[in-house]
1. Order of 37-44, 21-28 by packing, highest average Cβ count within 10 Å first?
2. Semi-axes of the equivalent ellipsoid for region 3-86, please: Cα gyration tensor eigenvalues, times 5, square-rooted, ordered largest first, whole Å.
3. In whole Hz, with x marking every Gly and Pro, tabulate ³J(HN,Hα) for region 65-77 from phi via Karplus 6.51 cos²θ - 1.76 cosθ + 1.60, θ = phi - 60°.
4. From the phi angles alone, apply the Karplus equation (6.51, -1.76, 1.60; θ = phi - 60°) to region 11-24 and give each ³J(HN,Hα) in whole Hz, x where the residue is Gly or Pro.
5. Got a sec to turn the phi values of region 54-64 into Karplus ³J(HN,Hα) couplings, 6.51 cos²θ - 1.76 cosθ + 1.60 with θ = phi - 60°, whole Hz, x for Gly and Pro?
6. Okay, helix-only estimate at 222 nm for the chain: each DSSP H run of n ≥ 4 adds -39500 (n - 2.57), divide by all residues, round to 500 deg cm²/dmol; what do you get?
7. Using the Cα gyration tensor of region 1-49, with a ≥ b ≥ c the square roots of its eigenvalues, what is the shape: rounded (a/c below 1.5), prolate (a/b larger than b/c) or oblate (neither)?
8. What does the net charge come to around Ala36 if you take all other residues with beta carbon closer than 12 Å to its beta carbon, with K and R at +1 and D and E at -1?
Amino acid sequence: MSFGIKKIILTSLSIVFLLSWLLHIYFYYFHFQSLAPITPNVAAGQIYEVNNHGYVFYLTKQQEITAYIPLGVALVAFVMGALLESREAH
């Protein structure tokens, strides 16, 4: 793989990592925080506790999964970038 192509791929993976990480933080701590109750709501399924620096709110399992998908994408992009960077160019 040429240096130019490797650099483009690593830059793309870095951008995907950063955007996914920021999207996870936005979903988990800002978007759902404004929608979620501060006490568990068993009827609505909002029973999964999130503690944002002392502010406790509750999410449904679907909201929690939605918030963690970008985190998974970020981790995969990070690992792929690290593996690609560790490979020596020939």
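1. Averaged packing, sorted descending, gives the order 21-28, 37-44.
2. On the way: eigenvalues 237, 22, 15 Å².
With the √(5λ) rule applied to region 3-86, the semi-axes are 34, 11, 9 Å.
3. For region 65-77, the Karplus curve yields 5, 4, 6, 8, 4, x, 5, x, 4, 4, 5, 5, 4 Hz.
4. 5, 4, 5, 5, 5, 4, 4, 5, 5, 5, 4, 5, 5, 4
5. Working through the residues one at a time gives x, 8, 9, 9, 10, 10, 7, 4, 5, 5, 5 Hz.
6. Working: 3 runs with 53 residues, N = 90.
Theoretical 222 nm ellipticity from helices: -20000 deg cm²/dmol.
7. Numbers: a/c = 7.32, a/b = 4.31, b/c = 1.70.
Because a/c hits 1.5 or more and a/b exceeds b/c, region 1-49 counts as prolate.
8. Details: positive: none; negative: Glu49, Glu64.
Net local charge, Ala36 excluded: -2.
Read the figures in this text as sums done on the coordinates, not as results from a lab. Just so we're clear, the structure is a prediction, and the values are computed from it rather than from any experiment. In this analysis, Cβ positions are derived from the backbone assuming ideal geometry, glycine residues included, and neighbour counts consider all displayed protein chains.
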